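Only one structure is covered here, and it is reproduced in the block below.
The values are calculated or read from the model by the stated rules, or taken from the named source; none is laboratory data. Values in this document were obtained by computation on a predicted structure and should not be read as measured data. Cβ atoms come from the backbone with ideal geometry, glycine included; neighbour counts cover every protein chain shown. In case anyone asks, the SASA skips ligands and DNA or RNA and just uses the protein heavy atoms, side chains included. Shrake-Rupley method; radii C 1.70, N 1.55, O 1.52, S 1.80 Å.
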Amino acid sequence: MFDENAWDRDEQRSHTPSSPEETKTIDEVDLVDLRPKPIAKFVVAFLVGFVFFLVPVPWEGSVTVPFDIVVSAVTDTYPTYSGAFALILIVTGGLLTTVSELVDRGLVSVDETVADRLQLPYWETSTAFWLLRVAGAVLAPIMFFELGPGWLHAPGVGGLVWGTLILSVAVIIPIGAIFINLFVELGGLEFVGTMARPVMRPLFHIPGRAALDSVASWVGSYSVGLYVTRNVFDRGEYSMRDVYIICTCFATVSIGFVGVVATTVDLLHLFPIIFLAYLICIAVCGVILVRIPPLSRVPEAYVAEPNPETPFAGSPVDYGRFALSEAVRKADEAGSIVDAGVRGFVDGLKLAVLILGTILTVGLAAVLVAEYTPTFDYLARPLVPVVAALGLPNPDLVAPAMIIGITEMFIPALLVVEAEPMARFFIAVLSITQLIFFSAVGPMMMDMFSDIPIRFRDLILLFVMRTVILVPLIAVMTHIVAALGML
């Protein structure tokens, strides 16, 4: 499993990098003129996104974030409209995927203009995910109109999956995408990515530019991060090992999805704390996993003519100047703040249409298995004393939630909604940092990077390894947060 030759395939185009370039200083890079208008666009967009997601504010006797206030106002005030909105998105996803797949398989034909308007290539997927989206389109009206047997709509089944998970995702993604896109399009991505360059190579053994992929996942989605990685890989700017590390350590769930999980366990008021714990866990796992198999055995080969990152060195002030220059360059090339917000909303709608059906199908199946069968209880039984030894409450609930995350990242949170606050916090952080789940990100990695290849067995192994690292780390964090009186 850990043999480096296992990644060699005759059909791969293998390129080896030339000698590394000389390190450049601030005087040797091309800095843009810092004109007032693009600077203002960058600063305003950056601050708006930062405040919306991460700045705590008092609200109705508690402290929360504007993100929580807006989402709660929509879902609590208009639950029926939110449900109808989710229904429309899921059914649309099933229909568009079906049309796209039928056209791609040559079974039907559509006018080129219609194909362009529907953006049919965007909805293409594997047969398995096609079936999952269609199943979601069938299930959505059943859940919305409460049709079928009563056990399907029990509070611990349909009430959780539809009433909590689906409605939250349907609202959070489009709203969050508005503010996320301001950050991405108007220089925030370049600024954070450039400032992170000094830590990426020494800590994680990947180029500094990989910070951009990571931030794209954090502020957009793992799908955005993976597509960025694929594009950079095709230009020869990442090696196979770079890609494998980025995909399995840094193609993380987005801020919006962290918010969904926090909402599910009724801890959105602790969103900044959960997000900080999430960042720490991602960093710790990355530092450890890049130094051991299987990641350490992936070859430093390229599928295109190698174009490694030009090394840059300087003081913190130099990095700040370079980062600001890159951010202002991006802001100057972008449109207005309003245009960026509109594009973000549209992209958020498309992403919600794409994933909601799969989440409903896989989520409902996993909750039904967890609720009405002893499958995960049997698998998790050896972990119950481990959870108890870590001093966490509700070990019978926490142990199954620790392993069910490999099916879908939302399901662990659904299993502990009735648990004690410490248990909910622990599982919330664990579920968003295990990273590899097979309702979406796992198959996407294997499909997009089949020329490396990213393999199923390695993803299973990495999920187990991440969980082993994360459980004691998050347990310590949970006790600290509890000791501070936050839980």
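For residue 24, list long-range residues whose amide hydrogen, built 1.01 Å from N in the peptide plane, is under 5 Å from its own amide hydrogen.
312, 313
What are the semi-axes of the equivalent ellipsoid of region 219-335, taken as the square roots of 5 times the eigenvalues of the Cα gyration tensor, listed largest first and rounded to whole Å?
27, 22, 16
Would you mind counting up the charge near residue 329? Only other residues with Cβ under 14 Å from its Cβ, with Lys and Arg at +1 and Asp and Glu at -1.
Here the count lands on -2.
In Å², what does the accessible area per residue of region 389-452 work out to with a 1.4 Å probe?
25
Carbon-plus-sulfur fraction of the accessible area of region 11-152, 1.4 Å probe, in percent?
63
In deg cm²/dmol and to the nearest 500, what is the mean residue ellipticity at 222 nm of the chain if only DSSP H runs of at least 4 residues count, each as -39500 (n - 2.57), divided by the residue total?
-21000 deg cm²/dmol, from helical runs alone.
Straight-line reach from residue 330: which aspartates and glutamates fall under 18 Å, measuring Cα to Cα and dropping same-chain residues less than 8 apart?
Partners within reach: 30, 33, 185, 190, 213, 339.
By how many degrees, between 0 and 90 and to the nearest 10, does the Cα long axis of helix 188-204 differ from the longest principal axis of the chain?
Roughly 80 degrees between the two axes.
So what does residue 450 come to for accessible area, using a 1.4 Å probe and Å² rounded to 10?
Counting only protein heavy atoms, the figure is 60 Å².
For region 116-262, list log₁₀ I(q)/I(0) at each q in 0.09, 0.11, 0.16, 0.22 Å⁻¹, using the Debye formula over Cα point scatterers of equal strength and ignoring solvent, two decimals each.
Log10 of I(q)/I(0), two decimals: -0.40, -0.58, -1.00, -1.34.
Which trypsin sites (Lys or Arg not before Pro) in region 90-175 pass both tests, a DSSP loop state and at most 15 other beta-carbon atoms within 10 Å?
Of the trypsin sites (Lys or Arg not before Pro), the ones in loops of region 90-175 whose Cβ has at most 15 other Cβ atoms within 10 Å are 105.
Please state the shape class of region 184-240: rounded when a/c is under 1.5, otherwise prolate if a/b exceeds b/c and oblate if not, all from the C-alpha gyration tensor.
Oblate.
With just the Cα atoms defining each centre, how far is region 243-306 from region 36-93? Give it in Å.
23
Per 0.36 nm of contour for each residue apart, how much would the distance between residue 457 and residue 230 grow if the chain were fully extended, relative to their Cα-Cα spacing?
The span from residue 457 to residue 230 would gain 79.6 nm if fully extended.
Using a 1.4 angstrom probe with every protein chain in place, what is the largest-first accessible-area order of 356, 95, 118, 139?
95, 118, 139, 356
Could you give the nm distance between label points at residue 88 and residue 146, where each point is 7 Å from its Cα heading toward the beta carbon?
2.3
Hey, what angle do you get for helix 167-185 against the long axis of the chain, alpha-carbon based, 0 to 90 degrees rounded to 10?
Once rounded, one gets 10 degrees.
What does the accessible area per residue of region 218-364 come to in Å², with a 1.4 Å probe and no ligands, DNA or RNA counted?
Counting only protein heavy atoms, the per-residue value for region 218-364 is 32 Å².
Which whole-Hz couplings ³J(HN,Hα) result when phi for each residue of region 421-430 is put into the Karplus expression 6.51 cos²θ - 1.76 cosθ + 1.60, θ = phi - 60°, listed in order with x for Gly and Pro?
For region 421-430, the Karplus curve yields x, 4, 5, 5, 5, 4, 6, 4, 5, 4 Hz.
Would you report the distance distribution of C-alpha pairs in region 14-166 as whole percents per 10 angstrom bin, up to the bin with the largest distance?
Result returned by the calculation: 8, 19, 19, 23, 19, 10, 2, 0.
Between residue 480 and residue 23, what is the label-to-label distance in nm when each label sits 7 Å out along the Cα-to-Cβ direction?
Using points 7 Å along Cα→Cβ, the separation is 3.1 nm.
Can you compute log10 of I(q)/I(0) for region 139-196 with the Debye formula, treating each Cα as one identical point scatterer, at q = 0.19 Å⁻¹?
Taking Cα atoms of region 139-196 as identical point scatterers yields -0.70.
Can you sort 372, 378, 302 by 1.4 Å-probe accessible area, starting with the largest?
Ranked list, largest accessible area first: 378, 372, 302.
Work out from phi, with θ = phi - 60° and the Karplus expression 6.51 cos²θ - 1.76 cosθ + 1.60, the ³J(HN,Hα) of each residue of region 374-384, listed in order in whole Hz, and give x for Gly and Pro.
So the J values, rounded to whole Hz, are x, 3, 6, 5, 5, 5, 8, 3, x, 8, 4.
Suppose each label sits 7 Å from its Cα in the direction of the beta carbon; what would the residue 276-residue 307 distance come out to in nanometres?
Distance between label points: 4.0 nm.
Cα atoms only, region 432-482: Rg and Dmax in Å?
14.0, 46
Hey, with R₀ at 60 Å, roughly what FRET efficiency would residue 113 and residue 381 work out to, going by the Cβ-Cβ distance, to 0.05?
Between residue 113 and residue 381 the formula returns 0.55.
Would you mind checking which residues have amide H under 5 Å from residue 437's amide H? H placed 1.01 Å from N; only 5 or more apart, or other chain.
442
How long, wide and thick is the chain, going by the Cα atoms along their three principal axes, in whole angstroms, largest first?
68, 61, 56
For region 308-380, what are Rg and Dmax over the alpha carbons, in angstrom?
23.2, 59
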